[in-house]
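Below is one structure, written out as structure tokens, with a few remarks after it.
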Amino acid sequence: MTARTRTLRALVVWAVGAAVLRLSLWAPEVCPELARTEARAAALDAAAWIVENQREDGQYLYDFHRERRESSGDYNLVRHAGVTMSLYQLVRAGELQLLEPADRGLAWMLDRLSRRGSGPPSPSGPRPASGPPPCCSCRSPSGAWPPTTPATTSRCASSAASSPCSSGPTGRC
């Protein structure tokens, strides 16, 4: 067998192997069309599950062991922030019933911020009772923090896009 024949056979084996892998393991994912109403219904179903499994203090349920009937102690603050943001996005889309659970999730995060030195707040311990961060534009008429009246939370939800800080529907930073 010549070097040319061996090289040709090796190339054929590689080509056939690549074709098999492309058609099996690396096949392109084909998803069915998703109507806007179906996507919104799925998002609302997910939000309903989140709200149903949210604790009164604002913490969410993530990792639940069915066999032991208990939640694990592994909690992720970044995941918590993402879930809270998704609730606020639905509030922004008109689902105002999700504002209270989103606010509870935000309050849970804010309660775990503490200022160290002159740097930004960090997630470790209770939040000092010093009121809202300086960039927040949504306060109740009395100046109370956090804003709790329906008129204030509604105003904050509708003005989030024009807020000087990109902090979510309630205008908090």
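FYI, it's all coordinate maths here, none of it is from the lab. None of these values were measured; they are calculated from a predicted model. Positions of Cβ are backbone-derived with ideal geometry, glycine not excepted, and every protein chain shown enters the neighbour counts.
Among rounded, prolate and oblate, which fits region 33-129 when a ≥ b ≥ c are the square roots of the eigenvalues of its C-alpha gyration tensor, a/c under 1.5 means rounded, and a/b larger than b/c means prolate? Oblate, since a/c reaches 1.5 and b/c is not below a/b. A protection proxy built from the mean count of other Cβ atoms within 10 Å ranks the segments 29-39, 75-85, most packed first, as 75-85, 29-39. FRET efficiency for the pair Asn76 and Ala107, taken as 1/(1 + (r/R0)^6) with r the Cβ-Cβ distance and R0 = 22 Å, rounds to 0.75.
So, with +1 on the Cβ of K and R and -1 on the Cβ of D and E, and no other charges, what is the size of the charge dipole of region 33-129 about its Cα centre, to the nearest 20 debye? Can you show the working numbers first?
Working: 13 positive and 14 negative charges, 93 e Å.
Dipole magnitude for region 33-129 comes out near 440 debye.
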